[in-house]
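Below is one structure, written out as structure tokens; the observations come after it.
The values are calculated or read from the model by the stated rules, or taken from the named source; none is laboratory data. Since this is a predicted model, take the numbers as computed values, not measurements. Reconstructed Cβ throughout: ideal geometry from the backbone, glycine too, with neighbour counts over all protein chains shown. When the accessible area is computed, the model is the full protein with side chains, heavy atoms only, and any ligands, DNA or RNA have been set aside. Shrake-Rupley method; radii C 1.70, N 1.55, O 1.52, S 1.80 Å.
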Amino acid sequence: MMAQKQYATTIVDKKRIVTGIEEFSLSSQTIFGNALLWAINEGPQGKEEIVDVDYGKERLSMVYNLKRDGEDNPAYVCRLQVQVTEGQLVFTIKDVKMHGGLMGMFSNFDKLNPEKKTKHADVIREFERLNDQKLYNLFSFIREHRLQVPNWDNVRSGSLQRGMTEDEVLLIYGKPASIQSDGTTTQYMFSSFVRVFIENGKVKSFVN
């Protein structure tokens, strides 16, 4: 079992950020594809959490929410940037906002002063704990998911074809709004206009 690493916040240009590098015994394409799939699965539907994707440079940026156990609303909202190169995933978490400001609004994480206020130090420790757990989940998914994307050119262009894999469908359209199965065929509904029918792990037909 992979040990959970710890990543401390650092201050760069008066901003609190988290940076790090994780190495994998996988191809850069597999690392990037799995990171993108994980980011898609984090969102409620489609690619709502994805801010930017560059397939050529194997780079992505996403909205990155941290939640306390048992709570639906995020305690912290951040920006996660990922760059994959030569088997390494380089990440930066920045633009952190924390819930609990005036009237329930998000307030600026960068203004915390842990050296002078114990409560502020507690907030930073909580953020780091939640962030470590989420990064652990990301890295575990990258290592464990058996990515099936033989048609990268189609994925990059958003061109769905019969015979493509479930992974390729999700990379093109994002997280489905609903999934239905009759035991033989699985229907991914992305909208009332986009439906994909999967049989034996491959696209049988689709409407878009």
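In the chain, with Lys and Arg counted as +1 and Asp and Glu as -1 at Cβ, which of these residues, TRP38, LEU160, SER25, has the Cα nearest the positive end of the dipole, that is, farthest along it? My answer, from the dipole projection, is TRP38.
Evaluating 6.51 cos²θ - 1.76 cosθ + 1.60 at θ = phi - 60° for every residue in the range 48-59, the Karplus couplings come out as 4, 8, 7, 8, 7, 9, 10, 5, x, 8, 6, 9 Hz, glycine and proline recorded as x. Pairwise inverse Cα distances across the range 124-179, averaged and inverted, put the Kirkwood hydrodynamic radius at 13.5 Å. For ASP132, ASP13, ASP122, the ranking by accessible surface with the largest value first comes to ASP13, ASP122, ASP132, using a 1.4 Å probe. Local charge for LYS175 was computed over the other residues whose Cβ lies under 13 Å away, with Lys and Arg +1 and Asp and Glu -1, and equals -4.
Label reach from ASP54 (point 7 Å along Cα→C-beta): in the range 1-32, no amide nitrogen lies under 14 Å. Using a probe of 1.4 Å on the protein chains alone, the accessible area found for THR184 is around 90 Å².
Amide H contacts of MET164: VAL203, each under 5 Å away and 5 or more positions distant or on a separate chain (H built 1.01 Å from N in the peptide plane; Pro and chain starts excluded). Where does helix 118-144 land angle-wise versus the long Cα axis of the chain, in degrees 0 to 90, nearest 10? Roughly 20 degrees between the two axes. Computed from Cα atoms, the angle from the helix 28-42 axis to the main principal axis of the chain rounds to 80 degrees.
Over the range 1-138, with a single point scatterer placed on each C-alpha, what log10 of the ratio I(q)/I(0) does the Debye formula yield at q = 0.20 1/Å? Results for the range 1-138 at q = 0.20 Å⁻¹ read -1.30.
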